[in-house]
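Working notes, beginning with the structure itself.
Each reported figure results from applying straightforward, stated rules to the coordinates on display, with no laboratory input. For clarity, every value in this text was computed on a predicted model and none was experimentally measured. Every residue, glycine as well, gets a Cβ built from its backbone with ideal geometry; the counts of neighbours run over all protein chains shown.
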Amino acid sequence: MPLWPVYTGTNEPHDGITRLPDPPPWRAFDGGPVLDTPAEADDSSATSPDRRHRARTYQATERSVQLVNAALYLRRPLLVTGPPGTGKSSLAYAVARELRLGPVLRWNITSRSTLHDGLYQYDPLSRLYAARQRVGEPAKTPGPGAPPAPDPGPESGVEDHLRLGPLGTALLPYDRPRALLIDEIDKSDLDLPNDLLNVLEEGQYEIPELVRTARHTPQTRVMVDGTDARVPVVRGRVRCRAFPFVVLTSNGEREFPPAFLRRCVTLRLRQPDDSHLAGIVRAHLGEPDDYAQSLITRFLSRASGGDLATDQLLNAIYLAGTSGLTPESLDELAEELMPYLSEAPESDAF
């Protein structure tokens with residue numbers, strides 16, 4: 001029986017993802033062969049202290065819980081916008097942990113990122129080198145301006161020189177949705193959001209290098225993002241089964257085209273209020289004492305004058321509780337630890 005909400009924001013892991021209703025008819029996918037969702041331990045980066053801590057301590061708002069569930073039910077990407085330090089990327093880790101979606105796949109976007117980078121990486125030179133090594137020929141690296149290296153043929157094992165990227169891995173036919181964080185999409189080249197549209201709409205893509213060898217090798221096993229594990233790919237085509245939980249974050253540095261926006265569920269995060277901020281401090285550092293509460297109050301007062309991030313406040317409160325400094329020294333240190341992230345009036349002294 002379907003039950004809303006599947007994601008509760010309580011940070012208690014459960015198997016509620018199995019209660020999702022069938023997708024809308026226009027978002028139903030049937031990729032195969034079906035793959036088991038990997039465990040956290042299968043990806044060493046997923047068990048880093050930073051990722052694990054963020055997943056356990058994230059404080060979801062009622063609005064974020066509602067819109068995460070909307071994205072899960074509709075099988076649509078979630079575009080999360082807001083000032084730096086409001087927990088945009090942490091949301092992906094929290095949802096993945098609570099719903100047991102496996103390690104979060106992360107794609108950090110720069111101005112040079114392309115759709116191909118997110119789908120897969122292929123190294124034709126290493127393939128050529130391996131092919132020549134097998135026949136005893138010396139491998140030669142083409143010089144500048146030289147024509148591309150010739151295709152060494154299907155027997156050279158193209159799958160050994162190809163690895164799926166975070167987007168390409170997320171779209172594999174897993175039995176549960178994988179969590180994919182596309183971080184800072186607003187830093188991308190102007191074309192990337194539109195390039196993403198077709199892949200995220202269709203839930204599938206092709207790997208031309210494997211399509212060309214499909215006549216000789218219908219099924220190959222390729223490496224995936226995060227581990228050296230291999231998964232089967234049939235005739236060079238990847239199609240998802242459970243559409244991934246895709247979180248795209250943006251600091252608001254650019255506008256997105258309407259065609260992109262209408263295919264996303266949009267969540268706008270704001271600076272936390274007093275009670276929410278106290279909850280964040282409590283989750284990370286325990287019950288705030290009187291001095292920590294005074295820092296929270298002054299942090300909120302200053303936040304109207306410029307951008308501040310909650311981790312700046314957490315750093316100041318942590319040092320206040322562990323350094324043994326006098327209140328006067330702590331006030332001076334807090335001012336240094338919590339500078340505005342954008343220009344603010346000089347009269348807004350801490």
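What the table below lists for this structure:
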| quantity | calculated |
| --- | --- |
| Nearest-0.05 FRET efficiency for N108 and Y318, computed from C-beta distance (R0 25 Å) | 0.40 |
| Whole-Hz couplings from phi, Karplus 6.51/-1.76/1.60, listed for region 29-38; x for Gly and Pro | 10, 9, x, x, x, 5, 10, 6, 5, x |
| Low-density loop cleavage sites - GluC sites (Glu not before Pro) in region 265-350, where at most 12 other Cβ are within 10 Å (DSSP) | E343, E346 |
| Lys, Arg +1 and Asp, Glu -1 on Cβ, resulting dipole of region 198-350 about Cα centre, debye, nearest 20 | 1920 |
| Alpha carbon centroid spacing (whole Å) that separates region 7-33 from region 170-196 | 18 |
| Euclidean distance between Cα centres, region 214-273 to region 62-126, Å | 8 |
| Sequence of Y58, Y291 once ranked by neighbouring C-beta atoms within 10 Å, starting from the fewest | Y291, Y58 |
| Label point distance in nm, L333-E206, each placed 7 Å from Cα along Cα→Cβ | 6.1 |
| Point-to-point label distance, R27-W4, nm (Cα→Cβ direction, 7 Å offset) | 1.2 |
| Residue (of G305, Q293, F256) at the positive-pole extreme of region 232-308, dipole from beta-carbon charges | F256 |
| For the chain, calculated [θ]222 nm from helices alone, where every DSSP H run of n ≥ 4 adds -39500 (n - 2.57) | -10000 deg cm²/dmol |
| Electrostatic dipole magnitude of the chain [Cβ: Lys, Arg +1; Asp, Glu -1; Cα centre; debye, to 20] | 1740 |
| Gain on full stretching of the segment that runs from Q293 to L190 - 0.36 nm per residue minus C-alpha separation | 32.7 nm |
| Computed magnitude of the charge dipole of region 274-337 (debye, nearest 20; Cβ of K, R +1, Cβ of D, E -1) | 200 |
